[in-house]
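Following: one structure in C-alpha cells, then a few remarks.
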There are 2 protein chains.
Amino acid sequence: MERLDEYDLKILRILQKDSSMSTKKIASALNLTASPVYERIRKLEKEGYIKKYVALLNKKRINKPVTAICMVSLRYHNEGFIDKFDSQIRKLSEVQECYHMAGKVDFFLKINVSGLDEYHDFVRTKLSKIDNIGVLESYFVLKDIIDTTEFYF
Amino acid sequence: MERLDEYDLKILRILQKDSSMSTKKIASALNLTASPVYERIRKLEKEGYIKKYVALLNKKRINKPVTAICMVSLRYHNEGFIDKFDSQIRKLSEVQECYHMAGKVDFFLKINVSGLDEYHDFVRTKLSKIDNIGVLESYFVLKDIIDTTEFYF
DNA sequence: GGTGAAACCAATGTGCT
DNA sequence: AGCACATTGGTTTCACC
C-alpha cells in the first residue's frame, strides 16, 4: 500500500483510541461491512502502520505514581560513548522514554517510580553509574496535563 | 496494589506488551484455563488497573517523523494563569504529552509533527499565542532510544 | 474494493468442585 | 478461585459482484 485512503485513516484513528472495538463495530462506524475492514486492518499491521496493540495501565493504581523527567549531557561526545550510553540506559527498566537530542542536552528521560525513595535509589545506584555523564538534572511531574499515545492526522 | 496476586501481575505484564493475545493463550502461559483469566482481566479493567486498549502507530509511517521536546515557563504563576495554560494547551493536537513540573521549568511538552516546517508553524501560530509564556525552549529528537508505554513491576 | 454467507474459534456465562 | 461445558457473537475466508 503506497497511500492510505480516508477509510484507512479513520480505522487508524479509531484503533489508536480504542483497539478493543470489534471489526464489526468499526465497520458500522464507517458504513462498511466487516470483511473490508478486517482486510484493511491486516494490511495496516502487515505494512507497519500499526506497531502493536497494548493495554495502557493506570500508573497510580500499579504503584508507580511518581514521574520524573531527567536531562542528561555526556562529558565526551564521540560515537563510542554515545553508543555505550545507549546500551546501558536500555537496561534500566524504570525508564519509559529516552531520546537522543540535538543540542546542548544530549538525552531526555522519562522515569516512573513508586516514590522519591525509589527515585533516589535509581539515580544513586543505576543512572549515575553510567559512564561519561556530565550533567544530570531531574524534574518531577506535579500533574499530567496531556498523556496520550495518539497521533493527530 | 495489595489486592493483586502474582497471576494478576503476570496478566498485566502480558497485556501491556501485547493486548491482542487471546484469553486462551494468556491462560496457557499461566497454566490456567480461560475462565479465571477472563474474570481477572475484567476485574483489572473494572478496578481501573487497565485504563484502555490502544493501537500504537509507527510515527514515521504515518508521516509524523519529527518529535520535539519543549520546555515552557510562565511569566506569572498564580492559579488562574496555570489553569489557563492548561486549558489552552489541551486544544493543541500536536502535543502528545504535557506535564506540569515542580521547579524552574513549568511544563515539559512532547510534540509530533511531519517536519520542521510544521513545527515552526506550530510554535508561531499556536504555542506562542498562549498567554503568559515567559521562556520557551525547543529540542529535537535525533533518535528514540527507549519509547514504551510499559511499566516495570 | 465491496458484499454476504458459512465455518471457525474466541469470548462469555453458568454451574460444579 | 479455578475448571468444564454451552452459548453467543466476533473473526476469517471465499464465492460473487
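The values are calculated or read from the model by the stated rules, or taken from the named source; none is laboratory data. The structure displayed is predicted, hence computed values, not measured ones. Note that each Cβ is placed from the backbone with ideal geometry, even for glycine, and that neighbours are counted across all protein chains shown. We work out accessible area using only protein heavy atoms, side chains counted, and drop any ligands, DNA or RNA first. Shrake-Rupley method; radii C 1.70, N 1.55, O 1.52, S 1.80 Å.
How many angstrom lie between the C-alpha centres of the range B:91-153 and the range A:1-64?
25 Å
Compute accessible area for the range A:130-150 by itself and then with all protein chains, 1.4 Å probe, and report residues whose area falls by 10 Å² or more.
Buried-area filter returns A:Tyr139, A:Phe140, A:Val141, A:Leu142, A:Lys143, A:Asp144, A:Ile145, A:Ile146, A:Asp147, A:Thr148, A:Thr149, A:Glu150.
Quick one: divide the alpha-carbon radius of gyration of the protein assembly as shown by 2.2 N^0.38 Å and tell me what you get.
That ratio works out to 1.07.
Using only the Cα atoms of the range B:1-77, build the gyration tensor, take square roots of its eigenvalues as a ≥ b ≥ c, and label the shape rounded, prolate or oblate: rounded if a/c is under 1.5, else prolate if a/b is larger than b/c, else oblate.
oblate
Compute, for B:Ser28, the solvent-accessible surface of its heavy atoms (probe 1.4 Å) with the complete set of protein chains present, and express it in square angstrom to the nearest 10.
About 80 Å², rounded to the nearest 10.
Using only C-alpha positions, report the orientation-averaged shadow area of the convex hull of chain B, nm², one decimal.
Mean projected area of the Cα convex hull: 11.9 nm².
Once both axes come from the Cα atoms, what is the angle between helix A:116-125 and the longest principal axis of chain A, in degrees from 0 to 90, rounded to 10?
So the helix axis and the longest Cα principal axis differ by about 70 degrees.
Have a look at B:Leu30, B:Leu12, B:Leu109 and tell me which one the Gaussian network model of chain B (Cα, springs below 10 Å) gives the largest fluctuation.
Top of the fluctuation ranking is B:Leu30.
Work out which residues of the range B:87-108 lose at minimum 40 square angstrom of accessible surface when the other protein chains are put back, relative to the chain isolated, with a 1.4 angstrom probe, and list them by number.
Hits at the 40 Å² cut-off: B:Arg90, B:Ser93, B:Gln96, B:Glu97, B:Cys98, B:Tyr99, B:His100, B:Met101, B:Ala102, B:Phe108.
Taking the Cα centre of the protein assembly as shown as origin and charging only Cβ (+1 Lys, Arg; -1 Asp, Glu), how large is the dipole, in debye to the nearest 20?
800 debye
Any idea what the dipole of the range B:1-118 comes to, in debye rounded to 20, about its Cα centre with Lys/Arg Cβ at +1 and Asp/Glu Cβ at -1?
The dipole magnitude comes to about 440 debye.
Can you give me the angle between helix B:6-17 and the longest principal axis of chain B, using Cα atoms only, in degrees from 0 to 90, rounded to the nearest 10?
Once rounded, one gets 50 degrees.
Using the structure shown, list the pairs from B:Lys24/B:Lys51; A:Lys64/B:Lys24; A:Lys143/B:Lys129; B:Lys17/B:Lys52; A:Lys46/B:Lys60; A:Lys17/A:Lys64 with a Cα-Cα distance above 18 Å, or answer none.
Details: B:Lys24/B:Lys51 22 Å; A:Lys64/B:Lys24 29 Å; A:Lys143/B:Lys129 22 Å; B:Lys17/B:Lys52 13 Å; A:Lys46/B:Lys60 15 Å; A:Lys17/A:Lys64 23 Å.
Beyond 18 Å: B:Lys24/B:Lys51; A:Lys64/B:Lys24; A:Lys143/B:Lys129; A:Lys17/A:Lys64.
Going from most exposed to least, what order do B:Glu94, A:Glu150 have by accessible area with a 1.4 Å probe?
A:Glu150, B:Glu94
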